[in-house]
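**Student:** Below: one structure in structure tokens.
The values are calculated or read from the model by the stated rules, or taken from the named source; none is laboratory data. For clarity, every value in this text was computed on a predicted model and none was experimentally measured. Neighbour counts are summed over all protein chains in view; Cβ atoms, including those assigned to glycine, are modelled from backbone coordinates with ideal geometry. Remember, those area values only see protein heavy atoms, side chains included, never the ligands or the DNA or RNA. Shrake-Rupley method; radii C 1.70, N 1.55, O 1.52, S 1.80 Å.
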Amino acid sequence: MRITVLTGAGISAESGLATFRASDGLWEQHRIEDVATPEAFARDPDLVLRFYDMRRAAAAAAHPNAAHRALVRLAAHHDLTLVTQNVDDLHERAGSPHVIHMHGALNRACCAGCGHRWTAPAVMSATDPCSACSAPATRPDIVWFGETPQHIEAIWAALEVADLFVAIGTSGNVYPAAGFAQHAGRNGARCLELNLDASSNARDFDQRILGPATSIVPAWVDSLIG
Ligand code: APR
């Protein structure tokens, strides 16, 4: 069976990483327009870089949980395309071989000049020279609000051939990811939501299982692979 899975911050919550829209979420502590837009980076690069340095350190200190590991088991039994909105590397550290990061990755830096990407240092500086073109144009390899998600054509293609689309731990507030269930459903996929609470796009799903990811994701995977 061809399965496309989309994960959001909720799958990493029980690993200790903050989600965005909970009452104690990242967007309650920081204004998006101050730390997650190209304009914010142009206005105050150090403030933005400190925000991502903090998140990079938190991700490095976190560990994959049973939900991340369950998706590794799933991939051993089905044709799985794993798409994540998350910028942590917990899927990779759990053992997922190919993770599509549509919003970028905390552990990568890129050059705003030539697009070269490399492993991000723990603490970034906007004046660090690009290791390819030497321009002092370093930025986090993060897709900010107003920018185009990465790998989006490959994601649409995977949604169009999926037999099953599963959203895990995402509130369904940010497009284009919030439109994935509808796109997959229109192309014949059954759509399942695994979440702590029903998402904003709950109407796009055929089935919903609510609960903490470390409980419901392993149980769901076991129900599929026995
Ligand atoms: N288990 C399962 N789901 C959980 C858990 C948990 N332990 N804890 C929280 N959740 C769910 C919440 O119910 C919510 O639906 O995870 C979701 C988190 O929603 P958001 O904080 O909005 O995060 P996400 O959906 O990933 O945000 C999408 O928005 O700000 C941008 O770029 C950012 O990638 C992010 C995107």
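**Student:** Which parts of the stretch 49-86 would a label at SER215 reach, counting a residue when its backbone N lies under 14 Å from a point 7 Å out along Cα-to-Cβ?
**Tutor:** 67
**Student:** Please state the charge dipole magnitude for the stretch 69-226, taken about the Cα centre, from unit charges on C-beta atoms (+1 on K and R, -1 on D and E), reported in debye and rounded to the nearest 20. Mind dumping the intermediate values first?
**Tutor:** Working: 10 positive and 15 negative charges, 23 e Å.
Magnitude of the dipole: close to 120 debye.
**Student:** A further question follows. Per the Debye formula with a single identical scatterer at each Cα and no solvent contribution, what log10 I(q)/I(0) holds for the stretch 124-226 at q = 0.13, 0.18, 0.22 Å⁻¹?
**Tutor:** At q = 0.13, 0.18, 0.22 Å⁻¹ the computed log10 ratios are -0.61, -0.89, -1.15.
**Student:** Taking 7 Å along the Cα-to-C-beta vector as the label spot, tell me the ASP34-THR127 distance in nanometres, rounded to one decimal.
**Tutor:** Spacing of the two 7 Å Cα→Cβ label points: 2.4 nm.
**Student:** If you don't mind, there's one more thing I want to ask. Could you give me D for the stretch 1-134, from Stokes-Einstein at 10 °C and 1.306 mPa s, where the hydrodynamic radius is the Kirkwood radius over C-alpha pairs? Units µm² s⁻¹, please.
**Tutor:** Here the translational diffusion coefficient equals 99 µm²/s.
**Student:** Follow-up. Suppose a student asked you for the relative contact order of the chain, using Cα pairs under 8 Å spaced at least 6 residues apart; what percent would you report?
**Tutor:** Over the chain, the number comes to 23 percent.
**Student:** Then there is this: Considering the options ALA105, LEU82, PRO129, tell which one lies farthest towards the positive end of the dipole of the stretch 76-135, charges being +1 on Lys and Arg and -1 on Asp and Glu at the Cβ, about the Cα centre.
**Tutor:** Of the options given, the answer is PRO129.
**Student:** In Å and on Cα atoms, what radius of gyration and Dmax does the chain show?
**Tutor:** 17.5, 53
**Student:** In whole percent, how big is the carbon plus sulfur part of the accessible area of the chain, probe 1.4 Å, protein atoms only?
**Tutor:** Of the solvent-accessible surface of the chain, carbon and sulfur hold 53 percent.
**Student:** While we're looking at this one, here's another question. Given H placed on each backbone N at 1.01 Å, which residues far from GLY104 in sequence or on other chains put an amide H within less than 5 Å of it?
**Tutor:** For GLY104, whose amide H was placed from the backbone, the distant partners under 5 Å are VAL143, GLN150.
**Student:** May I ask you to compute the full-extension gain from ARG2 to ALA76, defined as 0.36 nm times their residue separation minus their alpha-carbon distance, rounded to one decimal in nm?
**Tutor:** Full-extension gain reported as 25.4 nm.
**Student:** On the first, second and third principal axes, largest extent first, how far apart are the outermost C-alpha atoms of the stretch 60-163 in Å?
**Tutor:** Computed over the Cα atoms, the extents are 45, 33, 23 Å.
**Student:** Given H placed on each backbone N at 1.01 Å, which residues far from THR81 in sequence or on other chains put an amide H within less than 5 Å of it?
**Tutor:** Those qualifying (amide H under 5 Å, at least 5 residues apart or on another chain) are ILE3, THR4, VAL5.
**Student:** In addition: Hey, what number do you get for the chain at 222 nm if only DSSP H runs of n ≥ 4 count, each worth -39500 (n - 2.57), divided across all residues, to the nearest 500?
**Tutor:** Result for the chain: -9500 deg cm²/dmol, rounded to the nearest 500.
**Student:** Next question. I want the antiparallel fraction of DSSP beta bridges within the chain, as a percent rounded to 5. Could you put the intermediate results ahead of the total?
**Tutor:** Working: 7 of 30 bridges.
Bridges in the chain that DSSP calls antiparallel: roughly 25 percent.
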